[in-house]
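Chemist: Following this message is one structure expressed as structure tokens.
The values are calculated or read from the model by the stated rules, or taken from the named source; none is laboratory data. Note that the structure is a prediction, hence the values are computed from the model and not measured. Ligands, DNA and RNA are excluded from the accessible area calculation, which covers all protein heavy atoms including side chains. Shrake-Rupley method; radii C 1.70, N 1.55, O 1.52, S 1.80 Å.
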Amino acid sequence: MHILSLSLVTVALLTAGEPDKSDCSAANQQYTATVNKVIEAARAYEKCVSAGDKHSDCSTEMQALDSSHDDFADAVADLKDCK
């Protein structure tokens, strides 16, 4: 009985660190979505800055870019354990 319990504990410990494949799939999809979000936000910011409108500091576009970067950093962290 003790050998069986020890075996089960060992198996549980060995598999505990491995991320679920469905978790990695979702994390990969989230990563792709956040990459696109960063690219869109960067383009919007570039468009605002390039417009030469001396009355806009493009703060709305910068905030969107900053927010999308935060989401991107989270997505990268979520993929850390996926291979």
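Chemist: Confirm whether E61 is of a type outside the set (A, V, I, L, M, F, W, C) and at pLDDT below 90.
Modeler: No.
Chemist: Okay, moving on. Any idea which residue in segment 57-77 is farthest from Y31 (Cα to Cα), counting only those that are open to solvent by less than 100 Å² (accessible area, probe 1.4 Å) and charged (D, E, K, R)?
Modeler: Checking each candidate, the answer is E61.
Chemist: Quick one: in segment 37-56, of everything that is among the charged types (D, E, K, R) and modelled with pLDDT under 95, which residue is most open to solvent (accessible area, probe 1.4 Å)?
Modeler: In this case the residue turns out to be K54.
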